[in-house]
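A.B. asks: For reference, the structure I am asking about is given below.
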Amino acid sequence: MSEEMNELVREIEVLREKIRYHNHRYYALDDPEISDAEYDRLFKRLLELERQHPELTTPASPTQKVGARPQVTFSEVKHRLPMLSLENSFSDQDIRDFDMRIKRFLGDDSPVQYTVEPKIDGLAVELVYENGVLTVASTRGDGYVGENVTQNIRTIMTIPLTLTQKKNTLPPPDPLEVRGEVYMDLEAFENLNRERVDKGLQPFANPRNAAAGSLRQLDPRVTAKRPLNMFCYGVGTMNASCETHHELMILLQQWGLRVNRPYIRICDTITDVIDYCRHLEEVRAQFFYEIDGAVIKVNRLALQTRLGQKTRSPRWSMAYKFKATQETTVIVKIDVQVGRTGALTPVAHLKPVELSGVLVRRATLHNQEEIEKKDICEGDTVIVQRAGDVIPEVVKAIKSMRTGREKRFVMPSECPACGSDILKREGEVVLRCPNPNCPAQVKGSLKHFVSKGAMNIDGLGDKIIAQLLKKGLIREEADLYDLGFDDLLTLDKIKDKSATNLLRAIDGSKKTTLARFLYALGIRHVGEYVATLLANHFGDIERLGRATEEELTGIDGIGPQIAESIVTYFEDAHNRDHISRLLQTGIELEAISSSSPSPVAGKTFVMSGTLSSMKRSEAKEIVTQRGGRIASSVGSSTDYLVVGDSPGSKLRKARDLGVIILNEDEFLKLLVEEHG
Ligand code: IVH
């Protein structure tokens, strides 16, 4: 090799190493060392060299990974009113001091009314509506100038492109500058990270990073695949005539914007404020999204105006920050779990430690590469964090605390569940068990099949699945539909009532959508979004089964890797048998997609009380026609509770679970709402 060529090879290797290192800092440690612009320069240089010398490009190069770090060149948007931040408080005393300061500033000792609401851990965004139409959306940036992310924001289902105006309510002002937090649900975050690890990409450190990374994609199609959501919590300039923050939130909701209404509480005393902040901290782990504190606001807008702002934060509001979600503990042992795709995940068993109110015993270590990079051993004292996951992760080992008795961990060469030889596919970081009958994979597939976004069988949890398999009552998914009442009664802790409910849930799942069913099959690379694309395009499963790779890649959003995976799946006679056994159980597939851009499709509704405009049976029909489903009781998979006159106990349950509660008007609006 010539000297020049040697030089080039070296430069490429150095660039790749640097980019991998900075990816790790950005995604895994949430602690970038270099600016985005600098990162982009490294990345572009590597791309250029690889383009000039394709023979030096390898599958392991960071340029070969789709969904690498977002490239940032958005245009700028100047905020009409600066987007401020909040002062933080950490104790009861801090909150009382805040109240005192306010009274002192106002020169009046009479009680001030406050609102308290969850502080969502995402990123601040401003939406500008002109003439009721969304014209510009921007990130906070430095508070004065943000990035123009309008195209990406438009892909978020729950953000209306046009505001609505109801009879007998105030019309939205023109322009309306709404502010809120864009975030990613915990479940979506976990799914995204699982997919990323599966593809050998760095997982995001936390849902906030995942949301920010997803919103700051140059290609809105990438953003569209990421399940982002937004809660609105305030406005920039606005001349609407309302008197309090609480009323303003109701107005925003009437105009079609999403606000976190069930959790906004009006507090008449500072003791109430403290109590509610504590309450939110206690129930924090029950939220479907990450909250990192509570936001306290003076309720009266006129008082807010009088109080004004300091340099960077308003005087009328303060954040109460929850205790940290990172803790130190010890790794007692590391073992390996086998997932439904056969992927092996090393899991650390920890000395139990409390993280944001939840006792944590295990943490994921992702894969061997991560263990090596973080240099983690059995016996190490480590920092663990709840990155929104039910299973938290190990951030790093504290090496200064080593005693010399720590043990290195090496991934097994045989599957711990079935003993098969482990495989490593070319270009992948993950190790896999190749045996499709591996009991761990079978159990994982069943869990996936019944999960919320798939067949949505409420009440069929891990423990029941494990027992059903162990007792030989089921061997695969289709067997679920043959289960009888007496079978279920043989299980631990299952009595008449729970057996009846479970059978009803299993039976109810037979009426589903094609998209849900496709997702439930667990075809590699077919997540909920791709399943929806396929359902929309093909309409029935036979047509999909006959599709060629060319036909599949012709669909916007489906690349060669997904297409190949689908074709391979349907070529396999076992898989085709599996599908026909499922369909023989009486599963009916509606062509409508489960997550088409409609707020109804794929959602579970529960009705309570009587509606004035329609009978329940009619409501049920409309919801089902639009791809939603109606369940009889409120549970963890309920998306909306619709309350009519004299609602019963369901309302309390829904509030406890944080289910969205709709009155009749809101429900009707949802039914007619067309997005896009
Ligand atoms: S009100 C003047 N309400 O927290 C700023 N902020 O640390 C008024 N945040 O930049 C903000 N949830 O991005 C408000 N319910 C909520 C919030 C919230 C999250 C974020 C927001 C802000 C940051 C301040």
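A.B. asks: I'd like the residue in region 305-326 that is more than 15 Å from E87 (Cα to Cα) and out of contact with any Asp or Glu (no Cβ under 9 Å at 6 or more places or on another chain) and, out of all such residues, is farthest from the ligand (Cβ to nearest atom).
C.D. replies: Looking at the filtered set, the residue picked out is Q326.
Conditions tested, residue by residue: (1) outside any loop (DSSP other than H, G, I, E, B); (2) among the hydrophobic types (A, V, I, L, M, F, W, C); (3) at negative phi.
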residue	(1), (2), (3)
C277	yes, yes, yes
L280	yes, yes, yes
A285	yes, yes, yes
A302	yes, yes, yes
R306	yes, no, yes
T311	no, no, yes
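A.B. asks: Just give me the residues in region 42-60 being surrounded by 13 or more Cβ atoms within 10 Å (Cβ to Cβ) and either in contact with a Pro (Cβ under 6 Å, 6 or more places away or on another chain) or assigned to a loop (DSSP other than H, G, I, E, B) (or both), in sequence order.
C.D. replies: Of everything in region 42-60, those that are surrounded by 13 or more Cβ atoms within 10 Å (Cβ to Cβ) and either in contact with a Pro (Cβ under 6 Å, 6 or more places away or on another chain) or assigned to a loop (DSSP other than H, G, I, E, B) (or both) turn out to be H53, T57, A60.
A.B. asks: Also, quick follow-up: How about region 216-261: which of its residues are outside any loop (DSSP other than H, G, I, E, B) and aromatic (F, W, Y)?
C.D. replies: If the condition is that a residue be outside any loop (DSSP other than H, G, I, E, B) and aromatic (F, W, Y), then F231, Y233 are the ones that fit.
A.B. asks: Taking region 83-104 as the search range and keeping residues that are part of a loop (DSSP other than H, G, I, E, B) and within 9 Å of the ligand (Cβ to nearest atom), which one is farthest from G146 (Cα to Cα)?
C.D. replies: Here the answer is E87.
A.B. asks: So, T135, is that one touching a strand residue (DSSP E or B) at 6+ places or on another chain (Cβ under 6 Å), farther than 23 Å from P227 by Cβ and of a type in the set (S, T, N, Q) or not?
C.D. replies: yes
A.B. asks: Inspect region 182-189 for any residue being buried (at least 17 other Cβ atoms within 10 Å of the Cβ), touching a Phe, Trp or Tyr at 6+ places or on another chain (Cβ under 9 Å) and within 22 Å of L81 (Cα to Cα) and give the result as yes or no.
C.D. replies: yes
A.B. asks: Only one residue in V429, V410, V442, V394 is part of a strand (DSSP E or B) and of a type in the set (A, V, I, L, M), so which one is that?
C.D. replies: On inspection, the qualifying residue turns out to be V394.
A.B. asks: Taking region 545-594 only, how many residues are assigned to a helix (DSSP H, G or I), modelled with pLDDT under 95 and in contact with a strand residue (DSSP E or B) (Cβ under 9 Å, 6 or more places away or on another chain)?
C.D. replies: The total comes to 0.
A.B. asks: Within region 217-237, how many residues are more than 15 Å from the ligand (Cβ to nearest atom) and touching an Asp or Glu at 6+ places or on another chain (Cβ under 8 Å)?
C.D. replies: Qualifying residue count, region 217-237: 2.
A.B. asks: Run G132 past the list (1) more than 23 Å from Q254 (Cβ to Cβ); (2) modelled with pLDDT under 95 and report the number of the one that doesn't hold.
C.D. replies: G132 satisfies every listed condition except (1).
A.B. asks: For residues that are in a strand (DSSP E or B), of a type in the set (A, V, I, L, M, F, W, C) and farther than 30 Å from A520 by Cα, tally how many sit in region 359-387.
C.D. replies: 4
A.B. asks: From the residues in region 72-104 that are under 18 Å from R300 (Cβ atoms) and in contact (Cβ under 8 Å) with a residue 24 or more places away in the chain, which one is surrounded by the fewest Cβ atoms within 10 Å (Cβ to Cβ)?
C.D. replies: It comes out as R101.
A.B. asks: Looking at (1) touching a residue at least 24 places away in the same chain (Cβ under 8 Å); (2) buried (at least 17 other Cβ atoms within 10 Å of the Cβ), find the lone condition where L488 falls short.
C.D. replies: Here L488 meets the rest and fails (1).
A.B. asks: What pairs come up if the first residue lies in region 51-65 and is closer than 17 Å to R41 by Cα, the second is at pLDDT 80 or above and among the aromatic types (F, W, Y), and their beta carbons are under 9 Å apart, counting only those six or more places apart or on different chains?
C.D. replies: These pairs meet every condition: P62/F43; T63/F43.
A.B. asks: Now, a different point. Name the single residue, out of those in region 485-521 being within 33 Å of the chain's Cα centre (by Cα) and among the β-branched types (V, I, T), that is farthest from I465 (Cα to Cα).
C.D. replies: T513
A.B. asks: Another question, if that's okay. Kindly evaluate K447 against the criterion of being of a type in the set (K, R) and surrounded by fewer than 16 Cβ atoms within 10 Å (Cβ to Cβ).
C.D. replies: no
A.B. asks: Grab the helices (runs of 4 or more DSSP H) fully contained in region 457-544, keeping just those with 1 or more residues being polar (S, T, N, Q).
C.D. replies: 462-470, 496-508, 528-538
A.B. asks: Assess whether A520 counts as being over 25 Å from Q441 (Cβ atoms) and in contact (Cβ under 8 Å) with a residue 12 or more places away in the chain.
C.D. replies: On the way: over 25 Å from Q441 (Cβ atoms): no; in contact (Cβ under 8 Å) with a residue 12 or more places away in the chain: yes.
It is false that A520 is over 25 Å from Q441 (Cβ atoms) and in contact (Cβ under 8 Å) with a residue 12 or more places away in the chain.
A.B. asks: Let me ask another. Does region 172-189 hold any residues that are under 8 Å from the mean Cα position of the chain (by Cα) and among the aliphatic types (A, V, I, L, M), and which are they?
C.D. replies: M184, L186, A188
A.B. asks: Still on this model: Output the residue which, of all residues in region 257-303 that are of a type in the set (A, V, I, L, M) and within 12 Å of the ligand (Cβ to nearest atom), is farthest from T244 (Cα to Cα).
C.D. replies: If we take residues in region 257-303 being of a type in the set (A, V, I, L, M) and within 12 Å of the ligand (Cβ to nearest atom), then I291 is farthest from T244 (Cα to Cα).
A.B. asks: Going through region 637-659 one residue at a time, which ones are of a type in the set (S, T, Y), over 15 Å from L670 (Cα atoms) and surrounded by 13 or more Cβ atoms within 10 Å (Cβ to Cβ)?
C.D. replies: S637, T638
A.B. asks: Pairs needed: first member in region 214-242, more than 30 Å from V530 (Cβ to Cβ); second member anywhere, among the charged types (D, E, K, R) and away from the ligand (no atom under 13 Å from the Cβ); C-beta distance under 6 Å; at least 6 residues apart or different chains.
C.D. replies: G236/R80; T237/R80
A.B. asks: Just checking, does region 165-180 include any residue being modelled with pLDDT of 90 or more, of a type outside the set (D, E, K, R) and either at positive phi or within 13 Å of the ligand (Cβ to nearest atom) (or both)?
C.D. replies: Checked region 165-180: at least one residue is modelled with pLDDT of 90 or more, of a type outside the set (D, E, K, R) and either at positive phi or within 13 Å of the ligand (Cβ to nearest atom) (or both).
The values are calculated or read from the model by the stated rules, or taken from the named source; none is laboratory data. Computed from a predicted structure; not experimentally measured. Cβ sites come from the backbone with ideal geometry, for glycine too, and all protein chains shown count toward neighbours.
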